[in-house]
Amino acid sequence: MSAPRGTKAIAADAEVAARVAATIRADVRATAAYPVPKSRGLIELHANENPWPLPAQLRGEIAAVLAEAPVHRYPDGAAEAVKAALRRALPIPDGAAIAVGSGSDELIQIVTTAIAAPGATMLAPEPTFVMYRIYAELAHVRCAGVPLRADFTVDEGALLAAIARERPALVWLASPNNPTGRVVPLPTIERVLSAAPGLVVVDEAYADFAGASLLPRVLEFANLVILRTLSKVGLAGVRLGYAVGHPAWIAEFDKVRSPYNVNALTQAAVPVVLAASDVLAGQVAAILRERDRLARALAALPGVTVFPSDANFLVARVIDAPAAAAALRAKGILVKNLHGGHPLTANCLRITVGTPAENDALLAALRATP
Ligand SMILES: *Cc1c(COP(=O)(O)O)cnc(C)c1O
């Protein structure tokens, strides 16, 4: 315990600041931490979470296993119970291996670290999930972006040309993509896999809403790893992501991973939720129904263009996205303003599909906004 201010000399702020400036990498000091808005009490349509809490009975079952979790011990470093539960719940081929992470964010950092040889390049269609670039820059991996088309579909010709030109060690394909919401067509993924000299990670964070997945076929390709997460289907707070691929890839990621990266409470809770897969499937079906209703209602508003979505969010172009986001915020509704992120999403809002009541509140607020 440090002594309270006033009773004992503490280091002067200026001295600490000078030491930080002399020690921490200039590029790290120049970046801002990922912004996480305060959201308590607001309608949260900004983070692509499942808007429904777990049902009370399931929460009771989770409470019971958490009460028994041996938290005085380190967790199982291999997270075997979680992996067994994932295998029971999902079409993971028998010969494929699984690496777990504290959210798939951590696995993005692990994969990036593992390929970060001097001069290595990462390539991705853009705009896409920002953490690919953030972790690449932290690891001094060169980033090459290939713009999507204006309708947010992948420009396959440009992507294949960029792969031939850049020879990337790592290609990220988020399918469905965040923040644009569309899947990458399977034939395109297959051609990227044959053209890429290194690893291709297909990030299926939103696969449950698209109804399409490469998971059953992951072992057909020598350079494919699939990344998934439980965050978007209802367990964002639990932090569990997983990578599935040939054991030769997964073994390398396991060397980069911290030994106890998935905590004991998460490891206890996840099998209980995965065993109740009907609950999450029911919530996903409800979100898909609301997605269609919300898309139609948004498209009917004057000045609003809605893009097709295969995920649990919609991208809508409005007249002035920063003003619309601020007006919604003033009414207690959070959405993601994409304006200023990438030229292709100028004046776009990314709106997570909420509960029917939340979506109605959003629509009412937009109708009242000039
Ligand atoms: C949300 C998201 C992730 C990360 O989710 P975690 O909560 O860290 O599992 C990964 N990829 C994409 C495309 C996402 O949208």
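The values are calculated or read from the model by the stated rules, or taken from the named source; none is laboratory data. Please read these numbers as outputs of a predicted model, since none were measured by experiment. Neighbour counts are summed over all protein chains in view; Cβ atoms, including those assigned to glycine, are modelled from backbone coordinates with ideal geometry.
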Completion exercise
Among the residues of the range 32-56, the number that are touching a residue at least 60 places away in the same chain (Cβ under 8 Å) and surrounded by 10 or more Cβ atoms within 10 Å (Cβ to Cβ) is 15
Problem - Yes/no for R87 being out of contact with any helix residue (DSSP H, G or I) (no Cβ under 8 Å at 6 or more places or on another chain) and under 16 Å from V238 (Cα atoms) - result: no
Exercise for the section: Pull up the range 66-124, narrow it to residues that are touching a strand residue (DSSP E or B) at 6+ places or on another chain (Cβ under 9 Å) and without any contact (Cβ under 8 Å) to a residue 12 or more places away in the chain, then point me to the one that is nearest to P271 (Cα to Cα). Expected result: R87
Handout entry: Counted residues, the range 149-183 - those being assigned to a loop (DSSP other than H, G, I, E, B), more than 14 Å from V201 (Cβ to Cβ) and either at pLDDT below 95 or in contact with a helix residue (DSSP H, G or I) (Cβ under 6 Å, 6 or more places away or on another chain) (or both)
Key = 3
Practice task
Could you give me the residue pairs with C-beta distances under 9 Å whose first residue belongs to the range 174-200 and is within 27 Å of A117 (Cβ to Cβ), whose second residue is of a type in the set (K, R) and within 16 Å of the ligand (Cβ to nearest atom) wherever it lies, and which are 6+ apart or on separate chains?
Solution key: S175/R182
Practice task
Answer with yes or no whether R228 is at pLDDT 95 or above, among the basic types (K, R) and buried (at least 22 other Cβ atoms within 10 Å of the Cβ).
Solution key: yes
Practice task
Within the range 307-327, work out how many residues are surrounded by 15 or more Cβ atoms within 10 Å (Cβ to Cβ) and either farther than 16 Å from P176 by Cα or charged (D, E, K, R) (or both).
Solution key: 9
Completion exercise
Considering residues that are within 9 Å of the ligand (Cβ to nearest atom) and either assigned to a helix (DSSP H, G or I) or modelled with pLDDT under 95 (or both), the number found within the range 236-256 is 0
Handout entry: Which numbered condition F313 fails, given (1) more than 15 Å from N359 (Cβ to Cβ); (2) in contact with a strand residue (DSSP E or B) (Cβ under 6 Å, 6 or more places away or on another chain)
Key = (1)
Problem - Breaking point among (1) within 16 Å of the ligand (Cβ to nearest atom); (2) among the aliphatic types (A, V, I, L, M); (3) touching a helix residue (DSSP H, G or I) at 6+ places or on another chain (Cβ under 7 Å); (4) in a helix (DSSP H, G or I), for V192 - result: (1)
Exercise for the section: Those residues that are within 16 Å of the ligand (Cβ to nearest atom), buried (at least 19 other Cβ atoms within 10 Å of the Cβ) and either in contact (Cβ under 8 Å) with a residue 40 or more places away in the chain or not in a helix (DSSP H, G or I) (or both), I need them from the range 132-148; list them, please. Expected result: Y132, L148
Exercise for the section: Determine which single condition I319 fails, assuming it passes every other condition in (1) among the β-branched types (V, I, T); (2) assigned to a helix (DSSP H, G or I); (3) over 22 Å from the mean Cα position of the chain (by Cα). Expected result: (2)
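Within the range 114-131, which residues are surrounded by fewer than 16 Cβ atoms within 10 Å (Cβ to Cβ) and within 17 Å of the chain's Cα centre (by Cα)? Full working, then the answer.
Residues of the range 114-131 that are surrounded by fewer than 16 Cβ atoms within 10 Å (Cβ to Cβ), as a first pass: 117-119, 130.
Selection gives V130 alone.
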